[in-house]
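Report on the structure given below.
The values are calculated or read from the model by the stated rules, or taken from the named source; none is laboratory data. In this text, all values refer to a predicted model and were calculated from it rather than measured experimentally. Cβ coordinates were reconstructed from backbone atoms using ideal geometry, including for glycine residues, and neighbour counts include every protein chain displayed.
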Amino acid sequence: MLKIINIGMNHETASVELRECLAAEADNTLRALVSMRNLEVLREGLFLSTCNRVEALIITDAAEEAKKSVILLMSELGGIPVEDFLASLYVYEDMDAVKHIFSVASSLDSMVVGEPQILGQIKEAYARATKEKTSGVILNRLMHRAFHVAKRVRSETDICGAAVSISYAAVELAKKIFHLLEGKKVLLIGAGEMAEVAAKHLLANGVSAVIVANRTFERAVEVAKRFNALPVSFDEIGSQLLDVDIVITSTASPEYVITHSQVKKSLRKRRNRPLFFIDIAVPRDVQPEVNDLNNVYLYNIDDLKGVIEFNMAQRKEEAVKAERIVEEEVTKFEKWLKTLAVVPTIISLRNKAESIIRAEFGKSGAVLGELTPAQSKAIETLTRSIVEKILNDPIVFLKGNAGRSTRDTYLDLTKRLFSLDDIEAEELMNNRLH
């Protein structure tokens, strides 16, 4: 029996140190999909890796073996023993797994409820699974329904009202630190989506200057132009630390961008002015020891939870509506999934009817004599119409009983009545990864 299983960890179950082990390598998603494709116990698979979650969504008919294989795969990707992260994993099966992925896509399971980035990340993960040919009939349907659910939640609720994100939470933290941001100078390290969102919020809150640093200077120039900011190269970060008040980092670097020695060197010329680092990158951009320096304060992505919890409280009412939508869509998907059990029999029924039609046309050729193309087509149309009407009732009956406990009895009875052989049809349905 096929099972849908979701295995993963997120910001609630695992620390940033643990999550960054699995998110450290840029090609981990590709490596995971290639490994999934080579696992005999998996029929379909998708791998999602973001700064706040790492999840594997799989379709299998060998549940226990598949779970062990995926957990071992995560261990290999992160270079960490299974026992070091097993307690941080959650495992959802069947409709619980469906509900979970619908909730994730709708941003009900995000650190900031309603943030839009996760849907794009899921779409990217699905696109990679499609490209690597690890998705099939069930995952294709499941992911498209997840996208549909997310769209419903956004259009039918105000879950995204007063939009927030990790970047917004970082700015909120900066406001708490300084009370007012007027006159403050901010250095943004990283020119990705989160950096751009942070820049928008910072300017809206009155900062006097924004400096954008990126490893690719052209990209820094591009982003800085949008916000009337100053672009600088990575080599200039050290000198910028002498003058700025807040540093927000969000790069994809596997190594520290800001080091203890670098910051310590800048303090001598800062004359005791406080310097705040808000590190929203996974893996972390700022060396943790930076926080030990005088007048230097470091916050990472886990420190933002307090700010985020306040924002989440404002969305609880809308989240209730969103959860109702998710439940509705889970029920619909479950009904569709149950119909898969009757599809092989329906395919066999149609195939047998088609083979009878072809055989009888072959036998009748001599009796019917020479027919014009129009006459031949008319007879074929009439024959197929009669067959379709005869088959319609049993097919509708099988579909209508797909979700009932008597389904298997009716399937067996149909096979016996029509002497069906499901081997070929079931092979078509078994969309293995291999």
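Just to be sure, is residue 247 part of a helix (DSSP H, G or I) and β-branched (Val, Ile, Thr)?
Numbers: part of a helix (DSSP H, G or I): no; β-branched (Val, Ile, Thr): yes.
Spelling it out, it is not the case that residue 247 is part of a helix (DSSP H, G or I) and β-branched (Val, Ile, Thr).
Quick check on this structure: which one of 101, 71 is of a type in the set (A, V, I, L, M) and more than 15 Å from the chain's Cα centre (by Cα)? Walk me through how you get there before you give the answer.
Values: 101 fails: more than 15 Å from the chain's Cα centre (by Cα).
So the residue among 101, 71 that is of a type in the set (A, V, I, L, M) and more than 15 Å from the chain's Cα centre (by Cα) is 71.
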Q: Determine if segment 94-102 includes at least one residue that is farther than 21 Å from residue 122 by Cα, crowded, with 16+ Cβ neighbours inside 10 Å and assigned by TED's automatic domain parsing to the domain that holds residue 134.
A: no
Q | Identity of the residue in segment 117-136, in a helix (DSSP H, G or I) and in contact (Cβ under 8 Å) with a residue 60 or more places away in the chain, that ends up surrounded by the most Cβ atoms within 10 Å (Cβ to Cβ) | A | 129
Q: Considering (1) touching a residue at least 12 places away in the same chain (Cβ under 8 Å); (2) among the aliphatic types (A, V, I, L, M); (3) within 30 Å of residue 60 (Cβ to Cβ); (4) surrounded by fewer than 22 Cβ atoms within 10 Å (Cβ to Cβ), say which one residue 153 fails and leave the rest.
A: (4)
Q. Taking segment 4-45, which residues are surrounded by 22 or more Cβ atoms within 10 Å (Cβ to Cβ) and of a type in the set (Lys, Arg)?
A. 19, 43
**Q.** Filter result (surrounded by 21 or more Cβ atoms within 10 Å (Cβ to Cβ) and either part of a helix (DSSP H, G or I) or touching a helix residue (DSSP H, G or I) at 6+ places or on another chain (Cβ under 9 Å) (or both)) within segment 285-295
**A.** 286, 290
Q.
If I filter segment 230-246 for residues that are in contact with a Ser or Thr (Cβ under 6 Å, 6 or more places away or on another chain), closer than 21 Å to residue 306 by Cβ and crowded, with 19+ Cβ neighbours inside 10 Å, do I get at least one hit?
A. no
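Which of the residues belonging to segment 327-359 are within 26 Å of the chain's Cα centre (by Cα) and touching a residue at least 60 places away in the same chain (Cβ under 8 Å)? Break it down into steps so the answer makes sense when it comes.
Within segment 327-359, the first condition is being within 26 Å of the chain's Cα centre (by Cα), and the residues that meet it are 327-340.
If the condition is that a residue be within 26 Å of the chain's Cα centre (by Cα) and touching a residue at least 60 places away in the same chain (Cβ under 8 Å), then 327, 329, 330, 332, 333, 334, 335, 336, 337, 338, 339, 340 are the ones that fit.
Just the residues that are of a type outside the set (A, V, I, L, M), farther than 28 Å from residue 418 by Cα and assigned to a helix (DSSP H, G or I), please, taken from segment 353-379.
To start, the set of residues in segment 353-379 that are of a type outside the set (A, V, I, L, M) comprises 354-355, 358, 360-365, 369-370, 372-373, 375-377.
Filter once more, keeping what is farther than 28 Å from residue 418 by Cα: 369-370, 372-373, 375.
Listed by number, the residues that qualify are 373, 375.
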